[in-house]
Amino acid sequence: MQPVSSIAGPIFWYEDIGLVFAALTSSSLPTPTPSSSLLLLSAKFSSLRFEELVDPAMVFIRSVSLLSKLCSRRVQLSSLYGSVRWLQIQSGSELDLHSQLKDLIPEQQERLKKLKAEHGKVQLGNITADMVIGGMRGMIGLLWETSLLDPDEGIRFRGLSIPECQKVLPTAIPGGEPLPEGLLWLLLTGKVPNKEQVHALSKELQSRATVPDHVYKAIDSLPETAHPMTQFATGVMALQVQSEFQKAYDKGIPKSKFWEPTYEDSLNLIAQVPIVACYVYRRIYKDGDIIPADGSLDYGANFSHMLGFDSSKMQELMRLYVTIHSDHEGGNVSAHTAHLVASALSDPYLSFAAALNGLAGPLHGLANQEVLLWIKSVVEECGENITTEQLKDYVWKTLNSGKVVPGFGHGVLRKTDPRYMCQREFALKHLPDDPLFQLVSKLYEVVPPILTQLGKVKNPWPNVDAHSGVLLNHFGLTEARYFTVLFGVSRSIGICSQLIWDRALGLPLERPKSVTMEWLENYCKKAT
């Protein structure tokens with residue numbers, strides 16, 4: 001006699017491997033319930049031989065045995081389910097940036113509390129009249145966790161130099177440039193992320209990358225002739241109406257929770273600014289032909305795509321550009337401005353918009369457009385095949401007219417900017433024969449000795465701005481007036497990372513003391 005049905009096996013017996021796989025890829029795990037147990041019992045009986053079904057004693061014995069197995073199986077599945085859920089939670093928290101920060105913040109709060117209690121009265125140096133008059137140059141006055149600038153070594157992101165970041169941070173292609181998402185993770189956590197963490201963060205940023213229509217309308221209300229930075233800052237200000245921090249503050253959120261809506265605003269802002277920036281670019285230079293985001297691309301590649309540049313080399317350049325321009329400790333104009341404004345508990349949108357207005361100044365971010373314009377003026381007057389002697393004459397001509405050679409010198413650095421060097425290495429790899437790159441290389445040899453000869457410059461070496469414009473120009477982004485917007489998008493990563501930590505650490509309102517010239521004169525007379 002053949003079985004009435006043979007379906008009981010696959011219905012009743014779960015495969016453990018399949019169960020674990022299903023659990024790890026789903027938020028729910030099937031377990032036998034009373035109703036499902038009856039279904040399984042019914043299915044099992046359907047496989048019994050006819051003579052077994054008609055024997056009541058046999059049916060009773062088999063039903064008791066089967067129910068016992070079901071109970072045992074239920075206990076096993078419950079235990080397995082608990083183990084799998086633990087794995088899900090652990091895996092999820094490792095990929096979730098918010099969870100990582102939530103674990104880190106209490107220990108850093110205690111660290112700062114201990115530092116203040118044990119060393120709060122330690123003097124960090126002497127303040128001179130020169131520092132007060134000279135823009136507080138060299139004066140230690142800010143806590144900035146995400147990066148530190150050494151005069152000789154250059155910038156270190158959470159202790160890692162740029163070459164080290166290029167080695168350890170995940171890349172889109174083997175041997176490629178670091179993904180900006182990886183640097184964002186590093187700045188926020190102090191830890192080098194793995195590829196899975198960077199991928200998860202990239203997807204999270206993509207999910208946040210929506211810009212309301214009123215933002216575009218605000219930008220469109222400006223004339224197209226308005227400077228790209230004016231339009232960009234206007235767009236960021238228009239985004240402020242969706243600030244989670246502002247909403248939470250209005251509802252009375254406790255100070256200990258300030259960092260959480262700041263985190264939401266910051267990640268939203270980082271995700272949104274490339275869209276706003278690209279809208280500005282396409283509006284001014286491409287007749288308003290807007291290119292939507294591509295959800296399959298990473299942050300840097302998508303930025304390049306929305307601008308209208310889809311070559312793999314341009315995508316790599318944008319990854320490098322965003323990474324190295326993201327942060328430069330807290331004393332520069334844009335970073336300090338954001339920190340200052342945010343110390344009044346202005347939300348990240350207001351703080352970053354203020355930073356952009358500082359970045360737009362000729363002595364800060366606007367310098368990168370001036371470098372390319374100056375280099376092109378050299379070519380226009382002397383030609384692409386300019387000799388070393390001709391170049392020296394042009395440099396002296398610039399200096400003797402009371403102008404500076406843009407792209408050289410730095411307020412803190414005393415050696416060649418590592419950000420310049422990594423761009424130079426990129427150029428040597430991807431565009432060694434570009435005429436403007438060759439001119440930049442000549443300037444690297446010619447300008448420092450001349451500036452040293454003048455004796456007025458503490459740092460005669462090239463900075464980051466001396467090179468970036470030539471790289472962008474090579475791949476087709478030739479509109480120099482727009483370059484500072486690229487700088488602004490990049491700087492959102494560093495500024496927003498620090499704003500989160502400002503609120504997490506409960507840093508106070510910034511309020512330095514100012515003095516008059518009369519006060520300074522009297523104090524100095526008494527001191528001498």
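General observations
- Top-ranked residue in region 146-165 [being more than 14 Å from residue 183 (Cα to Cα) and in contact (Cβ under 8 Å) with a residue 24 or more places away in the chain; ranked as surrounded by the fewest Cβ atoms within 10 Å (Cβ to Cβ)]: 152
- Only one entry in 514, 490 is under 30 Å from the mean Cα position of the chain (by Cα) and either over 19 Å from residue 394 (Cα atoms) or in the same structural domain as residue 108 (by TED's automatic domain parsing) (or both), namely 490.
- None of 470, 446, 440 is touching a Leu at 6+ places or on another chain (Cβ under 7 Å), over 24 Å from residue 303 (Cα atoms), surrounded by 14 or more Cβ atoms within 10 Å (Cβ to Cβ) and not acidic (Asp, Glu) except 446.
- Flag for residue 168 being modelled with pLDDT of 95 or more, touching a strand residue (DSSP E or B) at 6+ places or on another chain (Cβ under 8 Å) and outside the structural domain of residue 416 (by TED's automatic domain parsing): yes
- The residue that is modelled with the lowest pLDDT, counting only those in region 386-408 that are small (Gly, Ala, Ser) and out of contact with any helix residue (DSSP H, G or I) (no Cβ under 7 Å at 6 or more places or on another chain), is 402.
- Remark: pairs (first residue in region 260-281, acidic (Asp, Glu); second residue in a helix (DSSP H, G or I); Cβ separation under 6 Å; 6+ apart in sequence or on different chains) = 264/244; 265/244; 265/245; 265/348.
- Residue in region 270-277 that is more than 22 Å from residue 342 (Cβ to Cβ), assigned by TED's automatic domain parsing to the domain that holds residue 488 and assigned to a helix (DSSP H, G or I) present: yes
- The selection criterion, being aliphatic (A, V, I, L, M), assigned to a strand (DSSP E or B) and in the same structural domain as residue 494 (by TED's automatic domain parsing), holds for residue 149.
- Of all the listed residues (246, 242, 206, 231), the sole one being closer than 23 Å to residue 472 by Cβ and either at pLDDT 95 or above or touching a strand residue (DSSP E or B) at 6+ places or on another chain (Cβ under 8 Å) (or both) is 231.
- Among the residues of region 278-306, those identified as out of contact with any Phe, Trp or Tyr (no Cβ under 8 Å at 6 or more places or on another chain) and either buried (at least 23 other Cβ atoms within 10 Å of the Cβ) or part of a helix (DSSP H, G or I) (or both) are 282, 283, 298, 299, 301, 302, 303, 304, 305, 306.
- Hey, residue 250 without any contact (Cβ under 8 Å) to a residue 12 or more places away in the chain and farther than 25 Å from residue 324 by Cβ or not: yes
For every residue, the table says whether it meets (1) within 20 Å of residue 112 (Cβ to Cβ); (2) touching a residue at least 40 places away in the same chain (Cβ under 8 Å); (3) surrounded by fewer than 19 Cβ atoms within 10 Å (Cβ to Cβ).
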position	(1), (2), (3)
477	no, yes, no
483	no, yes, no
486	no, yes, no
490	no, yes, no
493	no, yes, no
500	yes, yes, no
504	yes, yes, no
516	no, no, yes
519	no, no, yes
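- Helices (runs of 4 or more DSSP H) within region 166-251 that include 2 or more residues over 22 Å from residue 102 (Cα atoms): 213-220, 228-239
The values are calculated or read from the model by the stated rules, or taken from the named source; none is laboratory data. Computed from a prediction, not measured in an experiment: that's the story for all the values here. Every residue, glycine among them, receives a Cβ derived from its backbone with ideal geometry; neighbour counts consider all protein chains shown.
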